[in-house]
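Heads up: the structure comes next, in structure tokens.
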Amino acid sequence: MTLALCTTSHTPLMGKADPAPDVTGRVEDAFDRARAFIRDYDPELVVIFGPDHYNGFFYEVMPPFCIAAAAESVGDYGLPKGPLPVDADAARHIAAEVLAEGVDVAVSERMQVDHGFSQPLALLFGAIDVVPVVPVFINCVAEPLGPVARARHLGAAVGRAAAGLDRRVLLVGSGGLSHDPPVPQLRGAPPEVAERLIAGRNPTAQERAVREARVVGAIADFAAGTSDLMPLNPHWDADMMALLASGEIERIDDRPNTWFVEHAGHSSHEVRTWIAAYAALGAAGRYAVETSFYEAIPEWIAGFGLTTARTVTS
């Protein structure tokens, strides 16, 4: 069974602090091409690799990877809230196969996900509940992080399991390329911030609104050039996208975690979701990229990329 792929950046600022109309027009054109690709493929199942931004996973227990047999969107930044149509049987099968390959992965029967999962589903399918999904969480924020090679191994194991389902499976990788948003870090955090990072599940609506307003304000400063946040790195982004398109993903294995931060910002680790998705696609054989879009968008604090690809059968 062939597999297909769509990787996309996400940003909570979309629709709230948009760049110039010509930029948003190019982004929408790229999404139109991705949606057409997906309609043509007509997936029966979506396996989506995504991060979390201290909305569903906390230091109380922070797994490097987790596969959901049930999941619910928290509805942050005005995105859809509610249950995702998780295919529990497929999720448990994939988890068992991944574990059998020696990749340690947690399993959740009550995962909470944020815009890292809900935004790409809403943008690509029009809603979060259109097609059966298997959410695969990859920790891309909470240190310490494992080596990036582990994300590739996870993706390859998931891909082999997905290819064995005898269904049309779309692999989605949701994460940023270069970006360094104001995500808090546990080390050195004030006690009240540390407590939220450890056990901040289910904040009140007011608490969430205050937190999101703070992020929106910080990114507005970044777009205006009045912030000390790390700038976007289009050259790094282009090199990463070319590496993934080449099929030689293992070349990334020797890059230390500090390399990502120094060149592309702390949240560039979200590219682990792309690495996992491409590794999953590659597990079914040779693949070819069909569409590829990129633009550095300071208003969204995102090196914004969007690609589609599928396995090649001949």
Taking 25 Å as R0, compute the FRET efficiency from the Cβ-Cβ separation of Arg110 and Ala209 and round it to 0.05.
0.55
With a ≥ b ≥ c the root eigenvalues of the C-alpha gyration tensor of region 1-129, is it rounded (a/c under 1.5), prolate (a/b larger than b/c) or oblate?
oblate
Return the sequence-ordered ³J(HN,Hα) values of region 243-248 in whole Hz as given by the Karplus equation 6.51 cos²θ - 1.76 cosθ + 1.60 applied to θ = phi - 60°, using x for Gly and Pro.
4, 5, 5, 6, x, 9
So if I take the centroid of the Cα atoms in region 96-111 and the same for region 178-198, what is the distance between those two points in Å?
27 Å
For His10, which sequence-distant residues (separation of 5 or more, or a different chain) have an amide H within less than 5 Å of its own amide H, given hydrogens modelled in the peptide plane?
Gly175, Gly176
Ordered by residue, what ³J(HN,Hα) values in Hz, to whole numbers, does region 210-219 give under the Karplus form 6.51 cos²θ - 1.76 cosθ + 1.60, where θ = phi - 60° and Gly and Pro are x?
5, 4, 5, 5, 5, 5, 4, x, 5, 6
Over the chain, what per residue volume does the convex hull of the Cα atoms give, in whole Å³?
120 Å³
Taking a ≥ b ≥ c as the square roots of the eigenvalues of the Cα gyration tensor of region 151-203, is the shape rounded (a/c under 1.5), prolate (a/b larger than b/c) or oblate?
prolate
For region 213-275, which GluC sites (Glu not before Pro) are in a loop by DSSP, counting at most 13 other Cβ atoms within 10 Å?
Glu248
Ordered by residue, what ³J(HN,Hα) values in Hz, to whole numbers, does region 182-196 give under the Karplus form 6.51 cos²θ - 1.76 cosθ + 1.60, where θ = phi - 60° and Gly and Pro are x?
x, 8, x, 10, 5, 5, x, 6, x, x, 5, 6, 4, 5, 5
For Met230, enumerate residues with amide H under 5 Å from its amide H, sequence gap 5+ or separate chain, H modeled in the peptide plane.
none
Could you check the spin-label model distance between Ala199 and Arg39? Points 7 Å from the Cα along Cα→Cβ, value in nm.
4.9 nm
Taking loop as defined by DSSP and a crowding limit of 16 other beta carbons within 10 Å, which trypsin sites (Lys or Arg not before Pro) in region 184-213 fit?
Arg187, Arg201
How many angstrom lie between the Cα centre of region 1-34 and the Cα centre of region 204-233?
20 Å
Ser73's amide H: which non-local residues (gap 5+, or another chain) put their own amide H closer than 5 Å, with H modeled 1.01 Å from N in plane and none for Pro or chain starts?
Gly82, Leu84, Val113
For Glu262 and Val216, extending 7 Å from Cα along the Cα-Cβ vector and measuring point to point gives, in nm, a value of 3.7 nm
Cβ-derived FRET efficiency at R0 25 Å, Ala88 paired with Asp29, nearest 0.05
0.10
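Read-outs: derived from the displayed coordinates by stated rules, not from any lab. Computed from a predicted structure; not experimentally measured. Because the Cβ atoms are built from the backbone with ideal geometry, glycine has one as well, and the counts that use them run over all protein chains shown.
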